[in-house]
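The values are calculated or read from the model by the stated rules, or taken from the named source; none is laboratory data. Not measured: the values here are computed from a predicted model. Every residue, glycine as well, gets a Cβ built from its backbone with ideal geometry; the counts of neighbours run over all protein chains shown.
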Amino acid sequence: MTLELGIFLALGCAFATNLGFLYKYRGACAAASVDIRHPLRSAKCLFSSRWFAIGMLVAVGAWILHVGALALAPISIVQSVLSGGVVLLAVMADRLFGFGVGRRQWIGVSLTALGLLLLGLTLPRSGGAHSQFSAVAMMAFEGGMIGVGALLIVGKHIGGPAEHHGVMLGAASGVLFGVSDIAIKALTGLVGSGPTAGSLIGWVLVALAASVAAFYASARGLQDGEAVPVIATTATAANVASIAGGIVVFGDPLPGNVLGLGIQMAAFAIICVAAFLTPAPVRAANGRVAAQAA
């Protein structure tokens, strides 16, 4: 029953997360460009936008559902459920918000969802919430993911294609959201095992710092890129980072046969192809104009 409740909370989180992102996209496009050199001014401009503020409120609700799901189910199962939200994103963007979703984006989003679902479904199921972890593995994994996120943030300045800067920032925010999720998953296990205050505070600070960095990277990515590619990339990066963390940090089991491992390799290949297809060649200018008109 506990596992089923965790899956139900993850489904609610998937819907609320995408709804919040789409509201934030509309609001971010109507706000002044995020400047990390002036974080407080940028945050004030973003929250002054009604749509962005609404999106953040919805996102807070999604976060609460996500924490509940992580406390009740293994992180790999939670993320595999959330992966289905990528297709839901395209439907909501097209039908509810009127954002144009081209054929190439539909294919890319569908392949992303397929790859993530295959990846999640081929992970063997284990009993309990699976919250125990090695501190060394945790620090090494989180440090590596933070490094990846930092490289994606500065990608345009070290030779990355400028036209894909929004998508790279989306990927960076997804990786950093994954860092935060893994820290939160660790906290759910520590709370139940009577930890020292120092260990709790340390991972709380990691979760908060990663979330703040992801907030700014996500907001600027939404301003610099198209809604569906940026949000889909964010979700994919967060899912992959969290599933990998479940395996490396929390010891979620891998498939015990060649077929399962082959399907997982194919799933990663599908996700890579989808990442190439999903970004649109059109800049966010049209989305910004539409948001301002709304």
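For region 241-264, enumerate the residues that are assigned to a helix (DSSP H, G or I) and surrounded by fewer than 22 Cβ atoms within 10 Å (Cβ to Cβ).
A244, I247, V248, V258, L259, G260, L261, G262, I263, Q264
Of the residues V289, V179, V273, which is modelled with pLDDT of 85 or more and in a helix (DSSP H, G or I)?
Of the residues listed, the single one that is modelled with pLDDT of 85 or more and in a helix (DSSP H, G or I) is V179.
Answer yes if at least one residue in region 194-209 is touching a helix residue (DSSP H, G or I) at 6+ places or on another chain (Cβ under 9 Å), modelled with pLDDT under 75, surrounded by fewer than 18 Cβ atoms within 10 Å (Cβ to Cβ) and part of a helix (DSSP H, G or I), and no otherwise.
yes
Is there any pair linking a residue in region 238-252 that is more than 17 Å from I271 (Cα to Cα) and aliphatic (A, V, I, L, M) to one that is in a helix (DSSP H, G or I) and at pLDDT 85 or above, with Cβ under 7 Å and at least six apart or on different chains, and which?
From residues that are more than 17 Å from I271 (Cα to Cα) and aliphatic (A, V, I, L, M), the pairs are V248/A137; V248/F141; V249/A137; V249/M138; V249/F141; V249/I182.
Scan the helices (runs of 4 or more DSSP H) fully inside region 1-101 and keep the ones with 2 or more residues being of a type outside the set (K, R) and free of Cβ contacts under 8 Å to residues at least 60 places away in the same chain.
Correct list: 2-30, 39-48, 50-72, 85-95.
Taking region 38-56, which residues are surrounded by fewer than 19 Cβ atoms within 10 Å (Cβ to Cβ) and either more than 18 Å from T17 (Cα to Cα) or among the hydroxyl-bearing types (S, T, Y) (or both)?
Result: H38, P39, L40, R41, A43, K44, S48.
Can you pull out the residues in region 23-37 that are surrounded by fewer than 22 Cβ atoms within 10 Å (Cβ to Cβ) and not hydrophobic (A, V, I, L, M, F, W, C)?
Listed by number, the residues that qualify are S33, D35, R37.
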